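The values are calculated or read from the model by the stated rules, or taken from the named source; none is laboratory data. This structure is a prediction, so every number in the text was calculated from the model and none was measured. Positions of Cβ are backbone-derived with ideal geometry, glycine not excepted, and every protein chain shown enters the neighbour counts. All accessible areas refer to the heavy atoms of the entire protein, side chains included, with ligands and DNA or RNA removed. Shrake-Rupley method; radii C 1.70, N 1.55, O 1.52, S 1.80 Å.
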Amino acid sequence: LKDSTPAAIEALHRLGLRVVMITGDNRRTAEAIGRRLEIDEIVAEVLPTDKASIVEKLQAGGRARVAFVGDGINDAPALAQADVGVAIGTGADIAIESADVVLMSGDLRGVPNAIALSKATIRNIRQNLVWAFGYNVVLIPVAAGALYPAFGVLLSPIFAGLAMALSSVSVLANALRLRRFTPPMA
């Protein structure tokens, strides 16, 4: 076991995730490691061709999406089958090609960090959509002259163009806040 693995498993549990270890190793070894790491479920002595079918069974449970982390040639079908395939960048090329996410190091703490980054990205996208939609709902009618009948106010096309550019800049500035993202696990 790598020194960082227990902390990574603990972080995944804190996120409310169920951790399943699927391995080709013998059952005794897998169970000893699984107990030490407090893995929720251990599936041992699995042939490489069966890993994808186990992922498919987990998906059929319908409770949540399934992410699979692997690094070998035998993990490629399971990485492709999973809702999110996470390859270890130090692993086989076929695993990297089959995955949706590639961790550049062999440190499993990258998995909770990738989850946190993806959540921050989705939150940022939602903020930008709300901002852009709200801005356009309010200012497009103003630019079209909706205030003219009641108040005699028209928005100059120059100011309308400037306002639209400022809207784009604010969305971009909000997106750039992701550069300050700090992973939960150093």
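Could you tell me which label, among (1) 55, 41, 29; (2) 62, 41, 24; (3) 82, 33, 30, carries the value of Cα extents along the principal axes in Å calculated for this structure? So the structure-derived entry is (3). For the stretch 92-186, a Kirkwood radius taken over Cα pairs fed into Stokes-Einstein (10 °C, viscosity 1.306 mPa s) yields D = 95 µm²/s. Ligands, DNA and RNA left out, the 1.4 Å accessible surface of the chain is 61% carbon and sulfur atoms. Largest mean-square fluctuation among Met164, Met21, Met104, in a Gaussian network model of the chain whose springs join Cα atoms under 10 Å apart, belongs to Met164. Of the trypsin sites (Lys or Arg not before Pro) in the stretch 5-70, the ones in a loop by DSSP (not H, G, I, E or B) with at most 14 other beta carbons within 10 Å are Arg18, Arg63, Arg65.
Applying the criteria of a DSSP loop state and at most 15 other Cβ atoms within 10 Å to the chymotrypsin sites (Phe, Trp or Tyr not before Pro) of the stretch 97-186 yields Phe181. Ordering Val101, Val66, Ile88 by the projection of their Cα atoms onto the charge dipole of the stretch 50-119, which places +1 on the Cβ of Lys and Arg and -1 on the Cβ of Asp and Glu, puts Val66 at the extreme positive end. Amide H contacts under 5 Å for Asp83: Val66, restricted to partners 5 or more places along the chain or on a different chain, H placed in the peptide plane at 1.01 Å from N.
The angle between the Cα long axis of helix 27-37 and the longest principal axis of the Cα atoms of the chain comes to about 50 degrees, rounded to the nearest 10.
Solvent-accessible area per residue in the chain equals 64 Å², computed with a 1.4 angstrom probe and all protein chains kept.
Cα centroids of the stretch 11-39 and the stretch 41-115: 14 Å apart. The tail of the calculated P(r) for the stretch 1-99 beyond 20 Å holds 37 percent of all Cα-Cα pairs.
Counting helices only, and only those DSSP H runs with n ≥ 4, report the 222 nm mean residue ellipticity of the chain as the sum of -39,500 (n - 2.57) divided by its residues, in deg cm²/dmol to the nearest 500. That comes out to -17000 deg cm²/dmol.
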